[in-house]
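Sharing a structure below in structure tokens format, with a few things to ask.
Read-outs throughout are calculated quantities, based only on the coordinates presented, and are distinct from any laboratory measurement. Please read all numbers here as calculations on a predicted model, not as lab measurements. Here the Cβ positions follow ideal geometry from the backbone for every residue, glycine too, while neighbour counts run over all protein chains shown.
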Amino acid sequence: MKNHKKIIAIAMLLCLTGQIFAQHKKEIKNSEVEGLYLSLSDFHSCKLTRPTDMQHEGDKIKLKQFFISPDIISIERDKETIFYKDSIFAIRLTNGENYRFINRTPCLIADTSYLYIYTHKTSKTEYKLSGPTTRSKELPVTYYYFSTGNQKAVYTLTLANLRKYALADTSLHKTVCDKYTTDEMLYKVNPQTGRFKLNETILSVVRN
């Protein structure tokens, strides 16, 4: 009885400080990896490195996502080759999608029409105390990032980061800041083109 009261007290305390979240990452299956883009120039030229041809028993690519390992291991004919996630540019999946590792998390390369925009879709479990019980609810959540220039530096997609790293041109700065007043507005996609509206806005300025 004493332990039961203690558990309830702890849950109530946590609820008073806000909602409790546990994040879940959707892992890419090793078998879904078609190959690697070792550099940005390889990505531009569609030069895909296939570290294994998957034609021999035991051939495999191991992304090692569970422990957020820094490397990818390719095994072909029992020979291991290591590729570091922060040194390659991206991986390509058999369905044609490309992912770049940001903080060792695979993020979809969603748009490359001007800024490179990356997305990471996952879910969080929200816990709420309802009477004597704690109820849980799965909530989808998407994280957005961007890069520019040599693509080495990646930033969270926010107005503050755009102003600091991507809007040096005065007219471009004014156009974007006038049109986008919240971070959430930056995440909108044009359903007709599949591009982020932010990139379309930037292109409309730089092409004039």
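Could you pull out the longest piece of the chain with no exposed loop GluC sites (Glu not before Pro) in it, calling a site exposed if DSSP puts it outside H, G, I, E, B and it has at most 16 other Cβ atoms within 10 Å?
Result, exposed sites excluded: 98-208.
Same structure, new question: Given charges of +1 on the Cβ of Lys and Arg and -1 on the Cβ of Asp and Glu, with all other atoms neutral, how large is the dipole of segment 93-168 about its Cα centre, in debye to the nearest 20?
260
In a GNM of the chain with a 10 Å cut-off on Cα contacts, which of Cys46, Cys107, Cys177 has the highest mean-square fluctuation?
Cys46
Please rank Arg207, Arg104, fewest neighbouring Cβ atoms within 10 Å first, as an exposure proxy.
Arg207, Arg104
Using the Kirkwood radius over Cα pairs, work out the Stokes-Einstein diffusion coefficient for the chain at 37 °C and 0.692 mPa s, in µm²/s as a whole number.
Translational D for this selection: 164 µm²/s.
Another question, then. Longest span of the chain, sites excluded, free of chymotrypsin sites (Phe, Trp or Tyr not before Pro) in DSSP loop with at most 16 other C-beta atoms within 10 Å?
Value returned for the longest uninterrupted segment is 68-208.
Could you tell me which of the pairs Lys47/Lys174; Lys124/Lys164; Lys64/Lys121; Lys47/Lys124 are separated by over 27 angstrom between their Cα atoms in the structure shown?
Lys47/Lys174; Lys124/Lys164; Lys47/Lys124
Grab the other residues whose beta carbon is less than 14 angstrom from that of Leu203, score K and R as +1, D and E as -1, and report the net.
Counting the neighbours of Leu203, the net charge comes to +1.
Dipole magnitude of the chain about its Cα centre, charges +1 at Lys/Arg Cβ and -1 at Asp/Glu Cβ only, in debye to the nearest 20?
Once rounded to the nearest 20, the dipole reads 900 debye.
Turning to a different aspect of this structure: What number, rounded to the nearest 500 deg cm²/dmol, is the helix-based mean residue ellipticity at 222 nm of the chain, given -39500 (n - 2.57) per DSSP H run of at least four residues and division by all its residues?
Dividing the helical sum by the residues of the chain leaves -6500 deg cm²/dmol.
List every residue whose amide H lies under 5 Å from the amide H of Lys85, counting only residues 5 or more places away in sequence or on a different chain, with H placed 1.01 Å from N in the peptide plane.
Answer set, sorted by chain and number: Asp71, Ile72.
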